[in-house]
Amino acid sequence: MEKTFIMVKPDGVQRGLIGEIISRFEKKGFQMVGGKLMTIPRELAEQHYTEHKERPFFGELVQFITSGPVFAMVWAGDGVIATARQMMGKTKPADADPGTIRGDFGITVGKNIVHGSDSPESAEREIALFFKDEEQVDYKKLVDEWIY
Ligand code: DAT
Ligand code: MG
């Protein structure tokens, strides 16, 4: 089953949106296979966002993502990487459609509530950065027979 890395960012945690975000992925039919509340150490933040390290906003981005607890998750399901990105909406909440997480809850690009891997390669890389194998739970959901 395909897996992706989803994270409620510090703004989403502070605003009480962990449950709302989990609920959207649950209701869609995806399966949470890992989840934890954590404060990201600076080194991990820099590794996670390494693709942006030359961008002018990198320092601000690392500062923000380490500024308070995040809720990190692994979600599984057919097509979950691309579908979760659609459910999150565009990076800039101003461009994100209503009905998406960023479209419904965000205003500025710096505080856009949620992170989701953008490709199979980043999903694999980001899951490995945040979760040990034993932190991911392999279990069957009987309701999957009514989803797939
Ligand atoms: P996404 O989170 O949609 O994958 P990204 O990988 O391009 O977007 O950027 C990572 C994060 O960096 C993004 O969620 C918010 C921040 N960011 C992106 N572009 C920015 C900009 N122009 N100014 C400030 N922060 C920005
Ligand atoms: Mg990205």
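With loop defined by DSSP as not H, G, I, E or B, and exposure as at most 15 other Cβ atoms within 10 Å, which is the longest segment of the chain clear of exposed trypsin sites (Lys or Arg not before Pro)? Here the longest segment lacking exposed loop sites spans 54-131. Within the listed set GLU54, GLU126, GLU20, the Gaussian network model of the chain (springs between alpha-carbon atoms below 10 Å) gives the highest mean-square fluctuation for GLU54. Between ASP78 and LYS92, the modelled labels are 3.6 nm apart [label points 7 Å from Cα along Cα→Cβ]. Would you work out if region 3-137 is rounded, prolate or oblate? Take a ≥ b ≥ c from the square roots of the eigenvalues of the alpha-carbon gyration tensor; rounded if a/c is under 1.5, else prolate when a/b is larger than b/c, oblate otherwise. Cα axes put region 3-137 in the rounded bin.
For the chain, which whole-number percentage of the solvent-accessible area (1.4 Å probe, protein heavy atoms only) is attributable to carbon and sulfur atoms? Present the calculation step by step, with values, prior to reporting the outcome.
Numbers: 4340 of 8240 Å².
Answer for the chain is 53 percent, counting heavy atoms of protein chains only.
Accessible area per residue for region 3-137 is 51 Å², calculated with a 1.4 Å probe on protein heavy atoms, without ligands, DNA or RNA. Karplus-based coupling profile of region 5-12, in residue order and whole Hz: 9, 10, 9, 7, 6, x, 5, x, with θ = phi - 60° in 6.51 cos²θ - 1.76 cosθ + 1.60 and x standing for Gly or Pro.
Applied to region 44-56, the Karplus parametrisation 6.51 cos²θ - 1.76 cosθ + 1.60 on θ = phi - 60° returns per-residue 3J(HN,Hα) values of 5, 4, 5, 5, 4, 9, 4, 4, 9, 5, 8, 6, x Hz, with x for Gly and Pro. Between SER122, SER23, SER67, the Gaussian network model of the chain with springs among Cα atoms under 10 angstrom shows the greatest mean-square fluctuation at SER23. Report the FRET efficiency, 1/(1 + (r/R0)^6), for SER67 and SER122, where r is their Cβ-Cβ distance and R0 is 22 Å, rounded to 0.05. The computed FRET efficiency comes out at 0.45. In this structure, the residue pairs whose Cα-Cα separation is over 18 Å, taken from LYS28/LYS92; LYS36/LYS140; LYS9/LYS36, are LYS28/LYS92; LYS36/LYS140.
Would you mind getting me the FRET efficiency between GLN136 and GLN14? Use the beta-carbon distance for r and R0 = 25 Å, nearest 0.05.
Values: r = 27 Å, r/R0 = 1.06.
The formula returns an efficiency of 0.40 here.
When only alpha carbons of region 65-139 are considered, Rg and Dmax amount to 13.4, 39 Å.
Charged side chains reduced to their Cβ positions (Lys and Arg at +1, Asp and Glu at -1) give region 54-148 a dipole of some 400 debye around its Cα centre. Within the shell of other residues whose beta carbon sits under 11 angstrom from the beta carbon of GLY12, the net charge comes to +2, with Lys and Arg scored +1 and Asp and Glu -1.
Taking a cut-off of 12 Å between Cα atoms, list the aspartates and glutamates near LYS90, but don't count ones fewer than 8 places away on the same chain. Straight-line reach from LYS90, under 12 Å: ASP104, ASP118.
The stretch between MET1 and LEU37, if pulled fully straight at 0.36 nm per residue, gains 10.5 nm over its current Cα-Cα span.
Each residue of region 25-31 is assigned a 3J(HN,Hα), and the resulting list reads 6, 4, 5, 4, x, 6, 10 Hz, derived from the Karplus form 6.51 cos²θ - 1.76 cosθ + 1.60 (θ = phi - 60°), x at Gly and Pro.
The values are calculated or read from the model by the stated rules, or taken from the named source; none is laboratory data. Since this is a predicted model, take the numbers as computed values, not measurements. Please note: Cβ atoms are built from the backbone with ideal geometry, for glycine as well, and neighbour counts cover all protein chains shown. Please note that ligands, DNA and RNA were not included when accessible areas were found on the heavy atoms of the full protein model with its side chains. Shrake-Rupley method; radii C 1.70, N 1.55, O 1.52, S 1.80 Å.
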